[in-house]
């Protein structure tokens, strides 16, 4: 059954963008394919219609979870993955005691009221030495700071009404380290060399790689 929140995200996913749109899809997808590898049980959090899932589905057992029923059905039809409607803000009882080798959350944490609580749930559903990988928009890049300074939110993470949390790289690092022993954050974007050297200032996206 579609909830009010599910309807909001269904409308959001279908408005103003191509159905298969995903921010920096090829760059993030390539990272995900390499990091996930093959032969893994993968929890794809906020998988939507599988726009990123398709990069790492081959050779893996993927469970895609989301609150958008129509998007989930599309992912199941096109990729053949297992799907489950889960409100990430809930208790995740639908997952029972299932464990995964890898959890993926591409552009998800910024949509959550309490991302730290969700990260804790992710850690509980990972196997020993499990990996949690994903990305968030870099809300406080140098370019975005300049836009905020002149009172503009266009072309910044603030322009998306479903973005509840905005992350600075130090905050993201801190919240991940509460539940994961090893945390690495990379900067992705147009200015590749600068983003690699100074991800917090020049990364368009912050890509995180964590292990228990």
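The values are calculated or read from the model by the stated rules, or taken from the named source; none is laboratory data. What you see is a predicted model; the values in this text were computed from it and never measured. Neighbour counts run over all protein chains shown; Cβ positions are idealised from the backbone, glycine included.
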Candidates 184, 192, 177 - the one that is under 26 Å from residue 51 (Cβ atoms) and at pLDDT 95 or above:
184
Would you pick out the residues in the stretch 79-88 that are in a strand (DSSP E or B) and buried (at least 21 other Cβ atoms within 10 Å of the Cβ)?
83
Take the stretch 15-45 and flag every residue that is assigned to a loop (DSSP other than H, G, I, E, B) and modelled with pLDDT of 95 or more.
37, 38, 39, 40
Only one of 91, 97, 173 is out of contact with any helix residue (DSSP H, G or I) (no Cβ under 8 Å at 6 or more places or on another chain) and either under 26 Å from residue 59 (Cα atoms) or part of a strand (DSSP E or B) (or both); which?
97
Here is a check on your reading of the model: is residue 76 in contact (Cβ under 8 Å) with a residue 24 or more places away in the chain, surrounded by fewer than 19 Cβ atoms within 10 Å (Cβ to Cβ) and touching a strand residue (DSSP E or B) at 6+ places or on another chain (Cβ under 6 Å)?
no
